[in-house]
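The block underneath contains the structure these notes are about, expressed in structure tokens.
The values are calculated or read from the model by the stated rules, or taken from the named source; none is laboratory data. Bear in mind that the values here come from a model prediction, so they are computed numbers and not experimental data. Note that each Cβ is placed from the backbone with ideal geometry, even for glycine, and that neighbours are counted across all protein chains shown.
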């Protein structure tokens, strides 16, 4: 009905109707906008708080488990020749290790044949490969070439740890198979036997040459002589595995120490997450006076959820524990005037070195500080917890506002329609009255 003007009355009906509808809708629309703006701001603020709290909860999770504190770091100093790792079973301490000899695996060369990889064996036969006290046999079909035989050996005996290589002598034109055992250790030697009426195939079994005899690794731990069939040494020292890579001229120092590097990193992450949470508290709950104007306030200023969460954390931090370490300051983590934490790395290093077990008990475990802090925030951070419930409640408010706005728009459409109908009826009546008045004036003029 836009653009309607009274023909009889000359009144701008469209302008009057729109002004009337706007005036009637404005108070309710303004109220709903305020509700929506407030709910939107609360959702944003609570979401920010929830995110900061989740980051803090992750930092607590990393420190509350004893697993982090039970891990061990193993390192070797004084030279090269040993690679080492340790698990939680390893005891803290130092050892002197020297590698006298590396373990070697058996390696033998077959007899020589002419013709290279394409040399065919006109007749078949049988090959027996001896490894320690075991014998592995393989039939060779007539027509098989030397190269094919090499591939068949590698395929057939892969799981037994036996492999074959092929070498060619450029001067003589002769070729040989080189047999290698994967595992070393004294007595784990290879032998190679051929049974065939084929001269070339039999030649592989003649004039064999031992290239390397299997032998044990020999090493000392704190001067105590030891041997191993492998260069990978496991559990000679409980919880410690090491790999011998080269002979050492002198003993190397093996140190098993606590996992201080990762613990320090986790503590710095914890401090950073807590300080971020404190900044979030300050931003959301701030009241900043403004001279000559309204103070600047945070989106959750005066909010009971924010206040109770802050109070719960503060109470947990301020409650001293029993034991050698009672508060975070004993570890070198102090609370500044602004409520944020600060790490004194020298004091922290000293505590982790000299009071490692006490630090473990203070921070981790069911009764440790991290578990206590986790319990103080759990009802807020968990799925279906206080913050999620609050956010869902504010979202319901927004949904309700949306529904009320839709209802208001429908009602205003009805009001607009009724007003147009009334004004149009009035305009028609005025027009009719004007016509009647004109007729009467005409009759009176004739008298």
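Determine if the stretch 100-116 includes at least one residue that is at pLDDT below 85, in a helix (DSSP H, G or I) and outside the structural domain of residue 398 (by TED's automatic domain parsing). Checked against the condition, which is being at pLDDT below 85, in a helix (DSSP H, G or I) and outside the structural domain of residue 398 (by TED's automatic domain parsing), the stretch 100-116 yields at least one hit.
Check the stretch 321-338 and report whether any residue there is in contact (Cβ under 8 Å) with a residue 60 or more places away in the chain, out of contact with any strand residue (DSSP E or B) (no Cβ under 9 Å at 6 or more places or on another chain), under 25 Å from residue 54 (Cα atoms) and not in a helix (DSSP H, G or I). Yes - at least one qualifying residue is present in the stretch 321-338.
For the stretch 341-445, the helices (runs of 4 or more DSSP H) that sit wholly inside it and include 3 or more residues that are at pLDDT 85 or above and exposed (fewer than 12 other Cβ atoms within 10 Å of the Cβ) are 345-354.
The condition of being farther than 30 Å from residue 386 by Cα, touching a residue at least 60 places away in the same chain (Cβ under 8 Å) and in a strand (DSSP E or B) holds for residue 74.
Checked against (1) within 45 Å of the chain's Cα centre (by Cα); (2) free of Cβ contacts under 8 Å to residues at least 24 places away in the same chain; (3) farther than 15 Å from residue 166 by Cβ, residue 139 passes all but a single condition, namely (1). Number of residues in the stretch 180-199 that are touching a helix residue (DSSP H, G or I) at 6+ places or on another chain (Cβ under 9 Å) and either free of Cβ contacts under 8 Å to residues at least 60 places away in the same chain or surrounded by fewer than 17 Cβ atoms within 10 Å (Cβ to Cβ) (or both) equals 1. Among the residues of the stretch 230-242, those that are under 30 Å from the mean Cα position of the chain (by Cα) and assigned to a strand (DSSP E or B) comprise 240, 241, 242.
Of all the numbered requirements in (1) without any contact (Cβ under 8 Å) to a residue 24 or more places away in the chain; (2) surrounded by 14 or more Cβ atoms within 10 Å (Cβ to Cβ); (3) under 39 Å from the mean Cα position of the chain (by Cα), residue 226 misses one, and that requirement is (3).
Scanning the stretch 131-149 for residues that are in a strand (DSSP E or B) and surrounded by 20 or more Cβ atoms within 10 Å (Cβ to Cβ) turns up at least one hit. Screening 241, 259 for residues that are in contact with a strand residue (DSSP E or B) (Cβ under 7 Å, 6 or more places away or on another chain), closer than 22 Å to residue 63 by Cβ, surrounded by 14 or more Cβ atoms within 10 Å (Cβ to Cβ) and modelled with pLDDT under 95 leaves exactly one candidate, 259.
Per the listing 122, 88, the residue uniquely part of a loop (DSSP other than H, G, I, E, B), modelled with pLDDT under 85 and surrounded by fewer than 18 Cβ atoms within 10 Å (Cβ to Cβ) is 88. Given the residues 390, 372, 398, which is the only one that is in contact with a helix residue (DSSP H, G or I) (Cβ under 6 Å, 6 or more places away or on another chain), within 26 Å of residue 66 (Cα to Cα) and in contact (Cβ under 8 Å) with a residue 24 or more places away in the chain? Just one listed residue meets the conditions, 372.
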